[in-house]
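For reference, the structure discussed in these notes is given below.
Bear in mind these aren't lab numbers, they're just calculated from the coordinates by the rules spelled out. All values derive from a computational prediction rather than experimental measurement. When we count neighbours, we look across all protein chains shown, and the Cβ atoms used for this are built from the backbone with ideal geometry, even at glycine.
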Amino acid sequence: HCLAMRAVCQREIDCDRGNGYSWKITLLRNYWKSKVKQEWLSGKYSNVPSQFSLPEKSMYPMDVDTWGEILEAELER
């Protein structure tokens, strides 16, 4: 799980580890974020007709840099 999660959230995980969080805390802090981020990056939500069409678990608190990555991926599509 950690390696798959790091492939999506490398910056976030490296930051947490650099701040001294254990691997368990890092996993707990980033697991759902990596799942949601991967879905957004893969284009799963690229063509939704409205915000009401998004599943409840499609959102997760993410920082500005993460949303920037998602926006860049959308602009490249």
Stokes-Einstein diffusion coefficient of the chain, Kirkwood radius over Cα pairs, 25 °C, 0.890 mPa s, in µm²/s: 186
Percentage relative contact order, the chain, counting C-alpha pairs under 8 Å, at least six apart: 29
Length added when fully stretched, SER46-ASP65, from 0.36 nm per residue minus Cα-Cα: 5.0 nm
Crossing angle, helix 64-76 versus the chain [Cα axis fit, 0-90 degrees, rounded to tens]: 40
Packing-based order for 28-36, 41-49, 3-11, using average beta carbon neighbours within 10 Å, highest first: 28-36, 3-11, 41-49
Cα-centre dipole for the chain with unit charges at Cβ (Lys and Arg positive, Asp and Glu negative), debye to 20: 380
